[in-house]
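All remarks here apply to the structure that follows.
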Amino acid sequence: MKTKTIRLTSAEIANSWHTYMYDSMVESVMTHFKQTAEDAEVKLMVEKMLETVQKHLHTLEKLFCEEGIAKPDGFPVEKHVHMDAPKLFSDVFYLEYINQMTQFKISSHMTSIVMASRHDIQRLFTEFIQEAIELNGNVRTMMKEKGVHIRPPYMEYPKKVDYVEKQNFLTGWLGRRRPLLAVEAAYLVMNSMNNEIAKSTLTGFAQVTKDPEIRNFFIRGQRVTSDIIISIFDVLQENDIPASMTWDTVVNDSTVAPFSEQLMLFLIHTLSGIGMAMYGQALSLTMRRDLAALYLSFMGKAGAYAEDGVNLMIERGWLEQPPHFLDRQRLIKESN
């Protein structure tokens, strides 16, 4: 007797759908990177990333077909990549972009694994996360070899076990602030680096878009990321901790867009989402009230900015609707 396959849960549908959209975006981005990469080793890394996401897309398309789920439109290369566009970003940016995106994939695939009920979906995302871990390790090795990997700050090793004795361990607004914990400094540096990548991306996109409203949106994003970077730098400087070094100039002088404006908006929306997720993680681990307030302000800025980006996509008919539950109340009204 043939065993009936258990239907996908809403969590499995959502995670599969969002992974498809994300990998479809990455496929288009990597296509341009592959065409314009100058360093042979960087090009091989880009090609590996491209092959990986294309394999994921094929796997997910097969899943959607088997389950009778509509395949998302995503971002087909032929529609969203301008093949003749010159190089907009440097090879160093390509490596850092792959580094950040594989970090995000590791985190998102882990969530998909723990939310999956079906064994085949668990296996699917387990395979995806293993590939992301391998890619991330390879790109970080390459960045170290090329001297462009930025390490978090070093600190003295703990020599003994201590326990907190005073309530001012949690304070931070008034009086002398305690030194940063290692985890607090680590997240500050990581969030600074993520905003550096976002700022470079926004600079490049503002330089090439032809839509004045979208250009203003990208320019506003530059200001938001700059403000966050400065706020983080001030905290690190106050604690005599070196802020992360930035790379050499990563945006070239091209004024020709390599991607459609729809794709550029979606990419910035994705980076905003990654930023908010990282602020949330940092907030859950920080134990100084002033840092908690700082992260809440970052989340507010990033959330408001992301919402305005979504509105721009909706106004232009560019926002593909994610899977959703039926509106039962509307169906009841329509049946009367």
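The values are calculated or read from the model by the stated rules, or taken from the named source; none is laboratory data. Being a predicted model, the structure only gives us computed values, none of them experimental. Glycine also receives a Cβ, built like all others from the backbone with ideal geometry; neighbour counts cover every protein chain displayed.
Go over the candidates LYS105, LYS79, LYS87 one by one and state the one that is within 18 Å of the chain's Cα centre (by Cα) and either charged (D, E, K, R) or assigned by TED's automatic domain parsing to the domain that holds ASP253 (or both). Show your work before the answer.
On the way: LYS79 fails: within 18 Å of the chain's Cα centre (by Cα); LYS87 fails: within 18 Å of the chain's Cα centre (by Cα).
Step by step, each of LYS105, LYS79, LYS87 is checked, and only LYS105 is within 18 Å of the chain's Cα centre (by Cα) and either charged (D, E, K, R) or assigned by TED's automatic domain parsing to the domain that holds ASP253 (or both).
Residues considered: SER16, SER10. Of these, the only one that is at pLDDT 95 or above and surrounded by 20 or more Cβ atoms within 10 Å (Cβ to Cβ) is SER16.
Check whether at least one residue in the range 250-268 is outside the structural domain of HIS18 (by TED's automatic domain parsing), farther than 20 Å from ALA85 by Cα and touching a residue at least 60 places away in the same chain (Cβ under 8 Å), and report yes or no. Please lay out each step first, then the result.
Filtering the range 250-268 for residues outside the structural domain of HIS18 (by TED's automatic domain parsing) gives 250-268.
Retained after the next criterion (residues that are farther than 20 Å from ALA85 by Cα): none.
No, the range 250-268 contains no residue that is outside the structural domain of HIS18 (by TED's automatic domain parsing), farther than 20 Å from ALA85 by Cα and touching a residue at least 60 places away in the same chain (Cβ under 8 Å).
Annotation note: of ASP308, ASP227, ASP290, the sole residue that is closer than 29 Å to TYR20 by Cα, touching a residue at least 12 places away in the same chain (Cβ under 8 Å) and part of a helix (DSSP H, G or I) is ASP308.
Selection of the range 33-53 for residues being over 13 Å from ILE98 (Cβ atoms) and crowded, with 17+ Cβ neighbours inside 10 Å yields only THR36. For the range 302-318, which positions are of a type in the set (Gly, Ala, Ser), surrounded by fewer than 15 Cβ atoms within 10 Å (Cβ to Cβ) and under 17 Å from SER260 (Cβ atoms)? Residue satisfying the conditions is GLY317 alone. Would you be able to say whether some residue in the range 119-133 is hydroxyl-bearing (Ser, Thr, Tyr), free of Cβ contacts under 8 Å to residues at least 40 places away in the same chain and not assigned by TED's automatic domain parsing to the domain that holds SER254? Checked the range 119-133: at least one residue is hydroxyl-bearing (Ser, Thr, Tyr), free of Cβ contacts under 8 Å to residues at least 40 places away in the same chain and not assigned by TED's automatic domain parsing to the domain that holds SER254. Is it fair to say LYS87 is farther than 18 Å from PHE266 by Cα and surrounded by 15 or more Cβ atoms within 10 Å (Cβ to Cβ)? Answer is yes for this residue. Please verify whether LEU271 is under 27 Å from TYR97 (Cα atoms), out of contact with any Cys (no Cβ under 8 Å at 6 or more places or on another chain) and outside any helix (DSSP H, G or I), treating the condition exactly as stated. Answer is no for this residue.
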